[in-house]
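The structure appears below as structure tokens.
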Amino acid sequence: MQRKVNPPGKDHSNVDDIDAAAQDWFLRHGAGDLSSEEDARFKAWRDADPRHRAAYEELSSLWSDIDPLESAFAPKGRERRLETLPRRKPRRGWLWAGSVVTGLAAACLLLFVFGPATSRLPARLLADHSTAAGEQRMVSLPDGSIAWLNTDTAIDIAYTGERRRVKLLHGEALFEVQKDSTRPFDVVAADGRTTAVGTAFAVKEVDGGATVTVTEGIVRVTSPDAGSGLAPVQGGAMVEAGQQVSYRRGEAPGPVRTLDPTAATAWRHGAIVIRGRPLAEALVEIGRYHDGRIVLVGDPSRYGAVTARVALADLNGGIDAIAATHGLSVTRVTSYLLIVR
């Protein structure tokens, strides 16, 4: 049902009423169905109170800021600005046009916000265990080993009499492996394999690659894995406690680097530790724990590096604090879509 726009002369003391009226006027302008008489009414409403103008301009500014994302919202072949939608007959026609625009915008927004999660739905259906965004879970494996699943993670378990095998379908997991020299423990991710006998290590799969962080003992990382159909790299990389290595799908492991493993696995204790990372990367990392999308508007190179510790129990507070240190603000379009600008 369409909200009724209050008459221009009415005193809007309620901020929600002002925002609602601004949204209605903006939608009608976008649909291109204002007659000259209705446009005069709009201008009268806008000029009647500074708060009216501020609310309308804030909405216009927000739309302009997210304009570069339009190609992500719009279906292929349907990229066009709201302002260039064809004009329809005035009066009753704008109600229909406004409903269509609103419906399309809502559908595209849902696709933009939840698209990545829905793309992983098949993996979730095949998984033995999984977590949702922002959720962590402990899973006891058949041999007594433990897998700590981080946010938005799915694993498949395939044990045999000769080997213990866990496939990380997506996400991140920390494994505490029971020692058994007769049955190696393998974690397969991004067509690579991490092998241990008894140790503790985390594997993170993201963007077609994987990162292995060892917190205890030593592991061997081989990529590509023989089961991927590609020729494995002989020897691979040996990674010890306090070290980390990454690899891309189909490529050999990169150089082994030293780091603080407690920071890399801080999520196990309810926090995200970010050290000297670009703002865009920091927001992507925090976004893994957010049930929706965080969008940074503007040139990412303008902003300095981020060093922060963000509590998983207060992601919103952490995002606000990081934005403030860069002179930015956070606009919450919904609880699922945050725009940093």
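The values are calculated or read from the model by the stated rules, or taken from the named source; none is laboratory data. Computed from a prediction, not measured in an experiment: that's the story for all the values here. Note that each Cβ is placed from the backbone with ideal geometry, even for glycine, and that neighbours are counted across all protein chains shown. Each accessible area value is taken on the protein alone, full model and side chains, heavy atoms only, with ligands, DNA and RNA left out. Shrake-Rupley method; radii C 1.70, N 1.55, O 1.52, S 1.80 Å.
A few points about this structure:
- Rounded FRET efficiency, nearest 0.05, which uses the C-beta distance separating GLU57 from THR307 and R0 of 41 Å: 0.70
- Neighbourhood net charge (11 Å Cβ-Cβ; Lys/Arg +1, Asp/Glu -1) for ALA158: +1
- About its Cα centre, the dipole of the stretch 278-341 is roughly 100 debye, where the only charges are +1 on Lys and Arg Cβ and -1 on Asp and Glu Cβ.
- For the stretch 236-281, the Cβ-based charge dipole about the Cα centre amounts to some 120 debye (Lys, Arg positive; Asp, Glu negative; other atoms uncharged).
- Based on C-alpha pairs under 8 angstrom that are at least 6 apart in sequence, the stretch 166-277 has a relative contact order of 20 percent.
- The listed residues THR215, THR195, THR153, THR160 rank as THR160, THR215, THR195, THR153 when sorted by accessible area, largest first, using a 1.4 Å probe.
- Inverting the pair-averaged 1/r between distinct Cα atoms of the stretch 267-341 gives 12.3 Å as its Kirkwood hydrodynamic radius.
- Vicinal HN-Hα couplings computed from phi for the stretch 243-255 (Karplus, 6.51 cos²θ - 1.76 cosθ + 1.60; Hz; Gly/Pro x): 10, 8, 9, 10, 8, 9, 4, x, 10, 5, x, x, x
- Counted charge near ASP180, where neighbours are those whose Cβ lies closer than 14 Å (Asp, Glu -1; Lys, Arg +1): +1
- Between LEU259 and ASP143, residue separation times 0.36 nm minus the direct Cα-Cα distance comes to 38.8 nm.
- Couplings 3J(HN,Hα) of the stretch 289-305, computed from phi: 9, 9, 7, x, 10, 10, 10, 9, 9, x, 7, x, 5, 6, 9, x, 6 Hz, in residue order, whole Hz [Karplus 6.51 cos²θ - 1.76 cosθ + 1.60, θ = phi - 60°; x for Gly and Pro].
- Expressed as a whole percent, the proportion of Cα-Cα pairs in the stretch 195-341 lying more than 18 Å apart is 62%.
- Taking all protein chains together and rolling a 1.4 Å probe, ARG332 ends up with roughly 90 Å² accessible.
- Shown in residue order for the stretch 134-149 are the 3J(HN,Hα) couplings computed by the Karplus curve 6.51 cos²θ - 1.76 cosθ + 1.60 at θ = phi - 60°: x, 9, 10, 8, 9, 10, 8, 8, x, 8, x, 5, 10, 10, 9, 8 Hz (x for Gly and Pro).
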